[in-house]
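Have a look at the structure below before the remarks.
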Amino acid sequence: IGSVGAVTAAMSWKRITGVVYLYVGSRASMGTAYIYRINVSPGAVIDASYAGVTSNVNGSVRLANNRAYAVTDGGQVHAMDATNFGVGGFVNVTGFPYQTAAAVPIQLPASITSTGLAYFGDNSGRLYSLTTAGADETNYPLSVTASAITSSPLYINYTGVVAVGAADGYVYFIDRHNASGVPVLFNRFYVGAGRVSTV
């Protein structure tokens with residue numbers, strides 16, 4: 001199965017009514033990148049593709065709540081309707097794509113909570129929290145560090161804590177909402193020289 005550009009990140013898959021579908025993004029070629037939904041069973045059929053991306057798709061396409069989330073070098077978060085098989089149905093859900101204000105690259109995939117919040121960081125060291133409608137949660141984005149965020153955020157269930165790694169060798173811990181309803185950085189831990197790629 002051919003792609004418009006190199007596929008350099010992990011793939012995600014979902015079984016829907018007995019059929020296995022693969023979700024993956026491509027690097028950009030001549031200003032166009034794709035997010036693909038591939039029917040794996042025949043082994044050679046692209047079920048659907050979305051061509052509305054103009055820069056590299058980074059990290060894996062994350063699947064949650066019947067949505068396929070993808071991030072780009074252009075500072076966008078796409079949320080595709082992963083299980084819509086109607087003609088032209090594999091498109092962004094209402095409110096997406098989300099665009100960061102300065103179009104700063106997002107290198108790692110978003111982390112999606114069970115309630116549908118999407119956490120991700122960008123190359124300027126900001127942490128974002130998006131609602132299912134594609135809007136910033138109140139008081140986000142939060143400036144965490146002067147270095148690039150280099151890991152997918154990890155939301156620790158039932159604690160309100162988000163952990164994320166950065167290019168400066170630290171893991172940062174954020175209270176997603178303190179007693180005043182404001183996200184705050186409350187701790188950091190130095191792992192070592194070089195970027196923290198996984199939390």
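Odds and ends about this structure:
- Label point 7 Å beyond Cα of Val161 along Cβ direction - residues of segment 168-199 with amide nitrogen under 16 Å: 171-179, 184-191, 199
- Of Phe120, Phe173, Phe96, the order by accessible heavy-atom surface (1.4 Å probe, DNA, RNA and ligands excluded), from most exposed downward, is Phe173, Phe96, Phe120.
- Distances between placed amide hydrogens fall under 5 Å for Ala48 paired with Arg37, Asn39, all partners being 5 or more residues away or on another chain.
- Near Pro183, once Lys and Arg are set to +1 and Asp and Glu to -1 for all other residues with Cβ below 10 Å from its Cβ, the sum equals -1.
- Rounded to the nearest angstrom and listed largest first, the equivalent-ellipsoid semi-axes of the chain from its Cα gyration tensor are 30, 18, 15.
- Accessible area of the chain divided out per residue, in Å², using a probe of 1.4 angstrom: 45 Å²
- Accessible surface ranking that places the most exposed of Ile112, Ile46 first, with a 1.4 angstrom probe: Ile46, Ile112
- For Thr115 and Ala179, the difference between the fully extended length at 0.36 nm per residue and the C-alpha to C-alpha distance is 21.0 nm.
- Modelled label positions at Lys14 and Ser197, each set 7 Å beyond Cα in the direction of Cβ, lie 2.8 nm from each other.
- Residue of Arg126, Arg62, Arg15 that the Gaussian network model of the chain assigns the largest fluctuation, springs spanning Cα pairs under 10 Å: Arg15
- Alpha-carbon gyration tensor eigenvalues x 5, square-rooted, for segment 1-101, Å: 20, 16, 11
- Whole-Hz Karplus values for segment 88-95 come out as x, x, 7, 9, 4, 6, 3, x Hz, taken residue by residue from phi with 6.51 cos²θ - 1.76 cosθ + 1.60 and θ = phi - 60°; glycine and proline positions read x.
- Within the shell defined by Cβ-Cβ distances under 12 Å, the residues around Ala103 carry a net charge of -2, with Lys and Arg each +1 and Asp and Glu each -1.
- Accessible area of the chain belonging to carbon and sulfur atoms, whole % at 1.4 Å probe: 53 percent
- Among 104-110, 159-165, 66-72, sorting by the average number of other beta carbon atoms lying within 10 angstrom of each residue, highest first, gives 66-72, 104-110, 159-165.
The values are calculated or read from the model by the stated rules, or taken from the named source; none is laboratory data. Not measured: the values here are computed from a predicted model. A quick note on method: Cβ atoms are made from the backbone with ideal geometry, for glycine too, and the neighbour counts reach across all protein chains shown. All accessible areas refer to the heavy atoms of the entire protein, side chains included, with ligands and DNA or RNA removed. Shrake-Rupley method; radii C 1.70, N 1.55, O 1.52, S 1.80 Å.
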